[in-house]
Amino acid sequence: MDNVDVVIIGAGVIGLAVAAKLSQQFKDVLVIEKNKSFGEETSSRNSEVIHAGIYYPQASLKAKFCVQGKELLYQYCHERHIPVNRIGKLVVAHGPSEEKVLEKTLMAAKANGVNDLIWLDNSTLKQLEPNLRASAALASPSTGIIDSHVYMQSLLAQAQENNALFVAQTKMLNAHPCQTGFKVTLDSQGEQLTLQSKYLINCAGLHSEFVAKTIQGLDKSYIEKLHWCRGHYFSYQGRSPFKQLIYPIPRDNGLGIHASLDMAGQLKFGPDTQYIDKLDYNFPVNLKEKFIEQVSQYFPDIDVDKLQPAYSGIRPKLQGKADGFRDFVIQTAETHKIKGLINLFGIDSPGLTSSLAIANYVAEKLKFV
């Protein structure tokens, strides 16, 4: 039976960031991924936005990690030459009631340490973004975009430079706590393997609830219920009418159908929120009217013929359709009493932005085990 220091389950952006960090501390780090390659699920099906930390309740993990992670991510991208653009975004309001929401957002952002937001009135907006309709907006100059695939490649390369091992098409069947850590049984392309690991990190994203259920001795009360929430994106053909990202007031347990740009300048709109019972990336045929209705509120001259279905992604949310805010959940032995085990649940947005800060947090927790 092979012995390793750490087994990380899941090679999305969180698992890879944790691997890159822990491989600096431990000699033998193993990252397993059930898919054929890294980052095939939530991490590669999102808006690729580096968030500023505007919306989240003060003292929440989402607020803390987003603000910390944003600066860490920009620094990491600069040092490792990863495509990134501090493009900025506008959170727009239409009328007095939505402007009051913007005022509350401004206060929440300041409480989170985001002090660079700028209030823009209608006349200023017309000069900055002539194609935008809004009565007022908050400008967030520290919001940016990133090539998430290149970022994940870099995290994996960093981990492998430190002798971490990445194994795809491999699932964890079960894990049994023992005196020296965990006895972990894997299925690697149909072959069953058993190894010994001192630490076990559940970064399985959409599957973190299922993985937690395979860990013997973990009380069911600590296994968080995940709600799968699918979001759809439409691309917009031709030159973008906007120079920066455009966000409406948040709604439906999401940030609203926003306008974002990728590193090549391609404009896309999304995501919406659709709770689903099974993992299914299908794109419903009747979504276009919904997108046109919501996007035209801030982009009245939208050419509907340029709006084309692009892709969908699924987020592992802790809040159900009718629930309020739920924070990231990162459980350690302080909570579940199993030494060496860390479970990460509900790492949806701003998970990409928070990835390096989350990795630092996990590493810090392992120092005291």
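The values are calculated or read from the model by the stated rules, or taken from the named source; none is laboratory data. These numbers come from a predicted model, not from an experiment. Note: ideal-geometry Cβ built from the backbone for every residue, glycine included; neighbour counts use all protein chains shown.
Here are a few things to note about the model shown:
- When the residues of region 251-272 are filtered to those that are assigned to a strand (DSSP E or B) and of a type outside the set (A, V, I, L, M, F, W, C), the one that is farthest from residue 326 (Cα to Cα) is 268.
- Region 114-125 - residue that is out of contact with any Ser or Thr (no Cβ under 9 Å at 6 or more places or on another chain) and surrounded by 14 or more Cβ atoms within 10 Å (Cβ to Cβ) and, of those, nearest to residue 241 (Cα to Cα): 124
- The one condition from (1) crowded, with 18+ Cβ neighbours inside 10 Å; (2) within 21 Å of residue 244 (Cα to Cα) that residue 76 does not meet is (2).
- Residues of region 67-99 classified as part of a helix (DSSP H, G or I) and farther than 18 Å from residue 251 by Cα, total: 14
- Matching residues in region 106-149 - criterion: being in contact with a strand residue (DSSP E or B) (Cβ under 8 Å, 6 or more places away or on another chain) and either among the aromatic types (Phe, Trp, Tyr) or modelled with pLDDT under 95 (or both): 119
- Residue in region 175-194 that is closer than 14 Å to residue 345 by Cα, of a type outside the set (A, V, I, L, M) and in contact (Cβ under 8 Å) with a residue 24 or more places away in the chain present: no
- Look at (1) under 17 Å from the mean Cα position of the chain (by Cα); (2) hydrophobic (A, V, I, L, M, F, W, C); (3) at pLDDT below 95; (4) farther than 30 Å from residue 120 by Cβ and you find that residue 283 fails only one, number (1).
- Residue list for region 100-126, filter: of a type in the set (Val, Ile, Thr), in contact with a Pro (Cβ under 9 Å, 6 or more places away or on another chain) and assigned to a helix (DSSP H, G or I): 101, 105
- Checked against (1) more than 30 Å from residue 80 (Cα to Cα); (2) under 27 Å from the mean Cα position of the chain (by Cα), residue 161 passes all but a single condition, namely (1).
- Looking at region 128-208, the strands (runs of 3 or more DSSP E) lying wholly inside it that each contain 1 or more residues that are within 30 Å of residue 103 (Cβ to Cβ) and not aliphatic (A, V, I, L, M) sit at 136-140, 144-146.
- Cβ-Cβ contacts under 6 Å between residues 6 or more apart (or on different chains), taken from a first residue in region 261-288 that is of a type in the set (D, E, K, R) to a second residue that is in a loop (DSSP other than H, G, I, E, B), are listed as 272/257.
- Note on region 77-93: residues that are out of contact with any strand residue (DSSP E or B) (no Cβ under 9 Å at 6 or more places or on another chain) and touching a residue at least 40 places away in the same chain (Cβ under 8 Å) total 1.
- Residue check for residue 237: modelled with pLDDT of 95 or more and in contact with a helix residue (DSSP H, G or I) (Cβ under 8 Å, 6 or more places away or on another chain): yes
- Given (1) surrounded by fewer than 18 Cβ atoms within 10 Å (Cβ to Cβ); (2) among the hydroxyl-bearing types (Ser, Thr, Tyr); (3) touching a Ser or Thr at 6+ places or on another chain (Cβ under 6 Å), index of the condition residue 260 fails: (1)
- Just one residue in the set 166, 242 is touching a Phe, Trp or Tyr at 6+ places or on another chain (Cβ under 9 Å) and in the same structural domain as residue 295 (by TED's automatic domain parsing); that residue is 242.
The rows are residues; the columns are (1) modelled with pLDDT of 95 or more; (2) in contact with a Gly (Cβ under 8 Å, 6 or more places away or on another chain); (3) not assigned by TED's automatic domain parsing to the domain that holds residue 251.
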| position | (1), (2), (3) |
| --- | --- |
| 16 | yes, yes, yes |
| 20 | yes, no, yes |
| 30 | yes, no, yes |
| 39 | yes, yes, yes |
| 60 | yes, no, yes |
| 69 | yes, no, yes |
| 78 | yes, no, yes |
| 81 | yes, no, yes |
| 92 | yes, no, no |
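- Selection status of residue 159, touching a helix residue (DSSP H, G or I) at 6+ places or on another chain (Cβ under 8 Å) and not polar (S, T, N, Q): yes
- Residues that are under 17 Å from the mean Cα position of the chain (by Cα) and not in a loop (DSSP other than H, G, I, E, B), drawn from region 21-51: 42, 43, 44, 49, 50
- Candidates in region 79-113 are the residues that are β-branched (Val, Ile, Thr) and more than 30 Å from residue 152 (Cα to Cα); of these, the one that is surrounded by the fewest Cβ atoms within 10 Å (Cβ to Cβ) is 101.
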